[in-house]
Amino acid sequence: MSRTLVCGMVVAAAALAGCASPAPWGPAAPGAQRPAAAPSGETQTRVVRVYVPRPIKCVPETLGPPPTYPDSDAALRDAGGAADRYQLLAAGRILREERLQRLEEIVRRCRAAAR
């Protein structure tokens, strides 16, 4: 076994041994009473409420799906010449940069909200 695993097991055993001791650490305060144990035939029922934080919705509804980019493979193949292909690539790049700016802003807000 690795040294880290053995050390972890020793620490866990020591922690559990401390939890199993019948008396609390140190002397009891004068006049302090221990809670009464349940009778042998009855069980105690406790209600424990666990509050789970609601997840933060980072992606706004206004984002929408990605646009249809004009520089698809089919559009570039069907373009008449090099100048047409260049215009399609330029238009696609502009749309991608706008989308990336919106996504970066959303990520920045999400990271700030998670702090």
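Structure summary
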| quantity | calculated |
| --- | --- |
| Residue check for PRO55: touching a helix residue (DSSP H, G or I) at 6+ places or on another chain (Cβ under 9 Å) and not small (Gly, Ala, Ser) | no |
| Sole residue being surrounded by 10 or more Cβ atoms within 10 Å (Cβ to Cβ) and over 30 Å from PRO53 (Cβ atoms), chosen from ARG109, ARG99 | ARG99 |
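Values quoted throughout were computed directly from the atomic coordinates according to the rules given, and no laboratory measurement underlies them. Just so we're clear, the structure is a prediction, and the values are computed from it rather than from any experiment. Virtual Cβ from ideal backbone geometry, glycine too; neighbours counted across all protein chains shown.
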